[in-house]
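J.: Before I ask anything, let me first share the structure, which is written out below as structure tokens.
The values are calculated or read from the model by the stated rules, or taken from the named source; none is laboratory data. Everything quoted here is computed from the prediction, not taken from an experiment. Here the Cβ is made from the backbone with ideal geometry for all residues, glycine too, and neighbour counts use every protein chain on show.
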Amino acid sequence: MIFFYTIRFFCFSFLIAFLVSGGVCLLAQDENKPSRRERLMQRFDKDKDGKLDESEREAIRKSLSRSRQSGGSGVAKRDDKIHIPKDYDPKKKYPFILTLHGYTSNGRGQLGFFPLADLAEKYDFIYCAPDGIDKSWNATDACCDRREKVDDSKYLRSLILKAMKEYNIDKKRVFVTGLSNGGFMSYRMAHDHSDLITAIVPFAGVGFDQWPSNPKTPVSVLHVHGTKDKTIKWAGGGIGGAKYPSAEDNFAKWKKFNACEKEAKVEKAAIDLDRKVPGSETKIVRFESNDGKVVMELWEVVEGGHVTPPRSAARERIIEWMLARTK
């Protein structure tokens, strides 16, 4: 079965390449059904001369390009299923959690990193783990908006609004979490849609080195980062010539954005989050706004690496932290 679909995909890709370059590809076909080549010819051969000139081939290129983008005609198919508790009650309001995968991963991989199914049943929330186009999110210039090909900020907002339309979601408790590139995208969502997002929980991802503007309204942040992360370094660095800030500098900027200058006491300020590091390796600091409504926490995973799947107790603490926040 896998072999069949591989050959099918190869033939279709070969057909597209030949059409765009002006060549011809002959495929076996059902006599009563037009082949893919014939359907493409019918669509793009505007002068009906049986050939594709340069303008018609360019139209195919643009159509194929649009099919890889989110929004507009030719929307690429994403797996963005919305998961609801088994005992979902439409008369009850539910928190919503959007969880975003890292670069080269997908929604399924993110749910392997941070499983939510059992927690959703226990704590009664709705969640979604969507796929990014090309297995990435176009969050910042460093990670990973290299070609500005997809407006993921717009797409993810529309996904949240879609969930709100379909289910009874508490508009004051909408959360975004993500790993690495998904962590970067969490910050992007908090910046672009502070009217919609209540709080974010980024793992091993920061924001712009220089933000173009301040978020319009505060968004609580719980940032998790390993001090030995070699991919998105604790001390900051760069990707493809674009800089990203250190975890501490990024945290300081968002403290300022959120006016969270008051340090607060943390119950159990050292926890065992990382399975690979012995003992209670994660140190927690907390800052709050004057009214205590907006909260900033930095979880420093001492000796932790880039991908640090949190232990079940740490996962549950993170969920409880999120659900305690409200607009």
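J.: Among the residues of the range 223-238, which ones are surrounded by fewer than 24 Cβ atoms within 10 Å (Cβ to Cβ) and either closer than 13 Å to V174 by Cβ or in contact with a Pro (Cβ under 8 Å, 6 or more places away or on another chain) (or both)? Working first, answer last.
T.: Taking the range 223-238 and keeping what is surrounded by fewer than 24 Cβ atoms within 10 Å (Cβ to Cβ), we get 227-231, 233-238.
Hit for the range 223-238 is G236, nothing else.
J.: Give me the pairs, please: first residue somewhere in the range 120-140 and in the same structural domain as K171 (by TED's automatic domain parsing), second residue anywhere and of a type in the set (S, T, Y) and in a strand (DSSP E or B), beta-carbon distance under 8 Å, and either six or more positions apart or on two chains.
T.: Partner pairs satisfying both residue conditions: A120/Y127; D124/Y94; F125/Y94; I126/Y94; Y127/T99; C128/T99; A129/T99; T140/Y244.
J.: Does the range 276-295 include one or more residues that are in contact (Cβ under 8 Å) with a residue 24 or more places away in the chain and under 21 Å from the mean Cα position of the chain (by Cα)?
T.: Looking through the range 276-295, none of the residues is in contact (Cβ under 8 Å) with a residue 24 or more places away in the chain and under 21 Å from the mean Cα position of the chain (by Cα).
J.: So, restricting to strands (runs of 3 or more DSSP E) that lie completely within the range 245-327, which ones have at least 1 residues that are surrounded by fewer than 19 Cβ atoms within 10 Å (Cβ to Cβ) and in contact with a Leu (Cβ under 8 Å, 6 or more places away or on another chain)? Quick ask: steps written out before the conclusion?
T.: Numbers: elements: 262-264, 282-288, 295-301.
Fully inside the range 245-327 and qualifying: 282-288.
J.: Now a separate question. How many residues are outside any helix (DSSP H, G or I) and closer than 15 Å to Y94 by Cα if we restrict to the range 114-171?
T.: Going through the range 114-171, the residues outside any helix (DSSP H, G or I) turn out to be 114-116, 124-132, 136-151, 167-171.
Still in the running and closer than 15 Å to Y94 by Cα: 116, 124-128, 167-171.
Residues in the range 114-171 being outside any helix (DSSP H, G or I) and closer than 15 Å to Y94 by Cα: 11 in total.
J.: Run S186 past the list (1) assigned to a strand (DSSP E or B); (2) in contact with a strand residue (DSSP E or B) (Cβ under 7 Å, 6 or more places away or on another chain) and report the number of the one that doesn't hold.
T.: Condition (1) is where S186 drops out.
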